[in-house]
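Here's the structure, in structure tokens; my notes come after.
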Amino acid sequence: MSLDVTALRQQFPILKTQIDGKPLIYLDNAATTQKPQAVIDALVEFYTTCNANVHRGSHHLSDEATRRYEKARTTVARFINANVNEEVIWTSGTTESLNIVAHGLAQKLQSGDEVIITEMEHHANLVTWQQACIKSGASLVVIPISEDGELDLAKFKAALNNRTKLVAFPHVSNALGTINPIKEMTAMAKAAGALVSVDGAQGIAHGGVDVQAIGCDFYSFSGHKLFGPTGIGCLWGRKDVLEDWPIWQTGGEMIADVEYQQTTFGTLPFRLEAGTPNISGAIGMAAAIDWFMGLDQHAIQTHEKALLTRANELAADMQGLRLIGTAKNKVGIMSFLLDGAHPADIGFILDRQGIAIRTGDNCAQPLMKRLNIPGTARASFSIYNTIEEVEAFFRALKKAQTMLA
Ligand code: PMP
């Protein structure tokens with residue numbers, strides 16, 4: 001069955017927005033996705049009916065808030081096929097999740113150890129490991145990519161050795177759209193005895209993430225890229241690894257027993273969750289997952305592919321347009337440059353026509369330098385975008401090209 005995009009769009013109030021009298025065409029979904037009414041309602045309902053702090057009250061509202069908050073953890077655990085709920089740590093998003101892993105790793109690393117990343121990293125999956133290496137004296141090894149934006153798997157394999165302590169890579173590149181062969185890469189890294197951390201910020205929205213099948217040790221993601229609220233995300237980690245992971249922040253919630261001179265820390269998941277959590281965020285994120293999983297997953301994927309295919313056809317027909325990232329296995333992220341035009345000017349002209357895209361370095365400055373480009377313009381498609389919107393985007397792009405010539 002094909003996706004009823006018209007009905008789907010009705011569930012997103014923001015898609016009715018007009019920009020200077022023109023209908024909004026939102027093509028910045030890799031930055032953040034829009035929120036369906038079900039998620040907005042879940043947030044309002046929480047604050048309207050059961051706002052209270054969790055895990056500490058001896059009253060009805062606190063019990064109800066705790067029940068919903070922990071139920072949200074179960075929803076996430078099932079969504080990614082975690083073995084047990086304790087493996088799901090609430091964070092403020094991918095960035096914080098990666099920082100928890102890198103902060104702990106820095107305490108385990110020593111001079112002579114190696115951490116492997118790739119040339120296609122978002123800053124969140126680069127500066128984190130770079131700083132852990134600087135602190136510990138370990139070396140950061142960077143695996144090259146091809147001109148198409150695909151990882152060089154032979155070089156990846158060759159870089160693995162008994163000094164490799166952790167390998168970090170993105171499930172999907174935010175700048176190039178490349179889907180990495182994460183199962184294969186994880187298997188190679190595990191064979192070398194390394195820990196594996198996957199940056200799932202862009203991978204999570206495309207469904208079908210099964211952390212046990214991937215075989216990694218950590219998988220980090222954000223709620224806001226999956227139709228959920230900002231300020232909430234998760235670190236999934238293998239239980240035996242997380243149990244032994246160095247404490248991150250200290251304070252309330254994460255303790256078992258405290259004396260003036262010493263503390264016994266709590267068990268998972270609480271030992272890595274200090275302070276009052278983002279309760280409404282967790283509930284909103286679970287509402288987003290429930291909503292998302294209620295859609296026909298096959299129909300969504302077919303629709304997303306159709307959007308990218310149409311965009312690729314139109315791009316191929318457009319003189320002076322250069323695609324950045326042409327991997328065979330891609331999500332609906334299209335980074336590009338127009339001859340003689342600065343990406344910021346393209347973004348500005350499209351915005352005047354109601355079209356929202358991203359321009360700039362895509363939070364990946366080393367990748368832009370590696371590709372020898374100043375940045376890109378980037379259109380990223382989601383399930384509520386239509387073929388007509390993709391076509392309108394290219395008409396607007398042609399107009400921008402004429403204006404900037
Ligand atoms: N990694 C990748 C690949 C991303 O696209 C992003 C978000 N742009 C992040 C990490 C960081 O995610 P967040 O800002 O939600 O923490």
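Projecting the Cα atoms of Gly93, Thr75, Gly266 onto the dipole axis of the chain, where Lys and Arg carry +1 and Asp and Glu carry -1 at the beta carbon, places Gly93 farthest toward the positive end.
Can you tell me the accessible area per residue over segment 75-127, all protein chains present, probe 1.4 angstrom, in square angstrom?
33
Bridgeable lysines around Lys16 (alpha carbons under 16 Å apart, same-chain partners fewer than 8 residues away excluded): Lys35.
Annotation: aspartates and glutamates with alpha-carbon distance below 19 angstrom to Lys399 (same-chain offsets under eight excluded): Asp20, Glu313, Asp317, Asp339, Asp345, Asp351, Glu388, Glu389, Glu391. Relative contact order for segment 1-154: 12 percent, from Cα pairs under 8 Å spaced at least 6 residues apart, divided by residue count.
Nonpolar atom fraction for segment 208-290, defined as the carbon and sulfur part of the 1.4 Å probe accessible area, stands at 47 percent. For segment 74-181, what does the relative contact order come out to in percent, with C-alpha contacts under 8 Å and a separation of six or more? Rounded, it is 26 percent for segment 74-181. Compared with the alpha-carbon gap, the fully stretched path from Met318 to Arg78 is longer by 82.0 nm at 0.36 nm per residue. Charge tally around Leu242: other residues with Cβ under 10 Å, Lys/Arg +1 each, Asp/Glu -1 each, net -3. With 18 Å as the limit on Cα-Cα distance, the pairs of Lys165/Lys369; Lys108/Lys165; Lys22/Lys305; Lys71/Lys183; Lys305/Lys328 that go past it are Lys165/Lys369; Lys22/Lys305; Lys71/Lys183. Between segment 79-139 and segment 173-221, the C-alpha centres lie 13 angstrom from each other.
Can you tell me what share of the DSSP beta bridges in segment 50-293 is antiparallel? A percent to the nearest 5 is fine. Taking every DSSP beta bridge within segment 50-293, about 45 percent pair in antiparallel fashion. Here segment 50-293 is assigned +1 on the Cβ of each Lys and Arg and -1 on the Cβ of each Asp and Glu. Its dipole about the Cα centre then comes out at about 140 debye. Within the assembled protein chains, the solvent-accessible surface assigned to Arg322 is about 110 Å², based on a 1.4 Å probe. Give the residues of segment 126-143 whose amide nitrogen is closer than 12 Å to a point set 7 Å from the Cα of Asp152 in the direction of its Cβ. Residues 142-143 qualify, since their backbone N sits under 12 Å from the label point.
Kindly identify the chain as rounded, prolate or oblate by the Cα gyration tensor criterion: order the square roots of the eigenvalues as a ≥ b ≥ c, call it rounded if a/c is under 1.5, otherwise compare a/b with b/c, prolate if a/b is larger, else oblate. In terms of gyration-tensor shape, oblate. Normalising by the residue count of the chain, find the relative contact order in percent from Cα pairs under 8 Å and 6+ residues apart. That works out to 23 percent. Other residues whose C-beta falls under 14 angstrom from the C-beta of Asp317 contribute a net charge of +2, scoring Lys and Arg +1 and Asp and Glu -1. Think of a 1.4 Å ball rolled over the protein heavy atoms: segment 178-336 then has 40 Å² of accessible area per residue. Straight Cα distances below 17 angstrom link Lys239 to the lysines Lys190, with same-chain residues fewer than 8 positions distant left out.
Work out how much length Ile134 to Thr309 would gain on full extension: take 0.36 nm times their residue separation and subtract the Cα-Cα distance, in nm to one decimal.
Details: separation 175, 0.36 × 175 = 63.00 nm, distance 4.28 nm.
This chain segment gains 58.7 nm when fully extended.
When both bridge partners sit in segment 168-264, DSSP labels roughly 55% of those beta bridges antiparallel.
Overall, the accessible surface of segment 1-160 at a probe of 1.4 angstrom is composed of carbon and sulfur to the extent of 52 percent.
Taking the Cα centre as origin and putting +1 on Lys and Arg beta-carbons and -1 on Asp and Glu beta-carbons, what dipole magnitude results for segment 183-313, to the nearest 20 debye?
Working: 8 positive and 15 negative charges, 75 e Å.
So the dipole magnitude of segment 183-313 works out to roughly 360 debye.
Each residue, Asp351 and Arg395, gets one label point 7 Å from its Cα in the Cβ direction; the gap between the two is 2.3 nm.
The values are calculated or read from the model by the stated rules, or taken from the named source; none is laboratory data. A quick note: this is a predicted structure, and the numbers were derived from the prediction, not measured. Backbone-built Cβ (ideal geometry, glycine too); neighbour counts: all protein chains shown. All accessible areas refer to the heavy atoms of the entire protein, side chains included, with ligands and DNA or RNA removed. Shrake-Rupley method; radii C 1.70, N 1.55, O 1.52, S 1.80 Å.
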